[in-house]
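Asks: Sharing a structure below in structure tokens format, with a few things to ask.
The values are calculated or read from the model by the stated rules, or taken from the named source; none is laboratory data. Quantities reported herein were computed from a predicted structural model and do not represent experimental measurements. Positions of Cβ are backbone-derived with ideal geometry, glycine not excepted, and every protein chain shown enters the neighbour counts. The area values use the complete protein model at the heavy-atom level, side chains included, leaving out ligands, DNA and RNA. Shrake-Rupley method; radii C 1.70, N 1.55, O 1.52, S 1.80 Å.
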Amino acid sequence: MTIDGPALRGVLRSHAAGVAVLTAAGPDGPAGVTITSFTSISATPALVSFALADTSTTWARIKDSRWFGIQLLGADQAELAARFATSGADRFAAPTRWHTGPQGVPLLDGCLSWLVCSRHDQLRLGDHHLVVGAVEHAQAGEPGDSLVHLHGALRPVGTIHPART
């Protein structure tokens, strides 16, 4: 038997997770949500992944989308992350700045970088869907430090000094 969800979340609060926004063109307009489950899987071929809960209203809107975008957020974008994490909000309304990118994917302006991916694979695991994307387009954006989620809060990552070798 595994531990329950609240116990697991309590333990994992001390693990810093990068903050990104997932976007896609849904059947009724652009859809997006803040995620901390984004990860790189493979460089060759270029594959990344994210997971969304069955109960996510964004999942219901993007589950059939062939293309999606991942925006990596900078340390100064906590307000944007909070907006895309707020249920029921019109996330793409002002003051959100965005444009239509490759394959019609909505992309947020001012991010550290963005990727446009085609859906490569999908697997239902527990109460989530794990989606693997093939990176078709990637671009560096604004320079700066990253935004992470740690101990239940959004926090900037300061300058990291290289390890001595």
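Asks: I want to check the label-to-label distance for residue 97 and residue 127. Put each point 7 Å from Cα in the C-beta direction and report it in nm to one decimal.
Replies: My value for the distance between the label points is 3.8 nm.
Asks: Shifting gears a bit: Using only the Cα atoms of the stretch 93-154, build the gyration tensor, take square roots of its eigenvalues as a ≥ b ≥ c, and label the shape rounded, prolate or oblate: rounded if a/c is under 1.5, else prolate if a/b is larger than b/c, else oblate. Let's see the in-between values first.
Replies: On the way: a/c = 1.80, a/b = 1.16, b/c = 1.55.
Note, shape of the stretch 93-154 comes out oblate.
Asks: Picking from 71, 103, 139, which is most flexible by a Gaussian network model of the chain using Cα springs under 10 Å?
Replies: Of 71, 103, 139, the most mobile in the Gaussian network model is 139.
Asks: Counting pairs of alpha carbon atoms under 8 Å apart in space and at least six apart in sequence, what relative contact order in percent does the stretch 87-138 give?
Replies: Values: 57 pairs, mean separation 13.5, N = 52.
About 26 percent, as a whole number.
Asks: Can you give the FRET efficiency to the nearest 0.05 for residue 12 and residue 76, using r as the Cβ-Cβ distance and R₀ = 35 Å?
Replies: FRET efficiency, residue 12 to residue 76: 0.90.
Asks: Would you kindly state how much longer the chain becomes between residue 86 and residue 40 on full extension, computed as 0.36 nm times their sequence separation minus their alpha carbon distance, in nm to one decimal?
Replies: Stretched out fully, the residue 86 to residue 40 stretch lengthens by 14.0 nm.
Asks: Distance from the Cα centre of the stretch 13-57 to that of the stretch 110-148, in angstrom?
Replies: Cα centroid of the stretch 13-57 versus Cα centroid of the stretch 110-148: 6 Å apart.
Asks: Then there's this: Using Cα pairs closer than 8 Å and at least 6 residues apart in sequence, work out the relative contact order for the chain, in percent.
Replies: The normalised contact order for the chain reaches 27 percent.
Asks: Follow-up. Which of the following values of mean projected area of the Cα convex hull in nm² was calculated from the structure shown: (1) 9.3; (2) 11.3; (3) 14.1?
Replies: (2)
Asks: Pick from 73, 125, 147: which residue has the top mean-square fluctuation in a GNM of the chain where Cα pairs under 10 Å get a spring?
Replies: 125
Asks: Quantify, in whole percent, the carbon and sulfur part of the accessible surface of the stretch 1-89 (1.4 Å probe; protein heavy atoms only).
Replies: The computed percentage sits at 58.
Asks: Which cross-chain or sequence-distant (5 or more) residues have an amide H under 5 Å from the amide H of residue 26, H modelled 1.01 Å from N in plane?
Replies: The answer is 31.
Asks: Please compute the per residue accessible area over the chain with all protein chains in place, 1.4 Å probe, rounded to a whole number of Å².
Replies: Details: 9520 Å² over 165 residues.
Using a 1.4 Å probe on heavy atoms only, each residue of the chain averages 58 Å².
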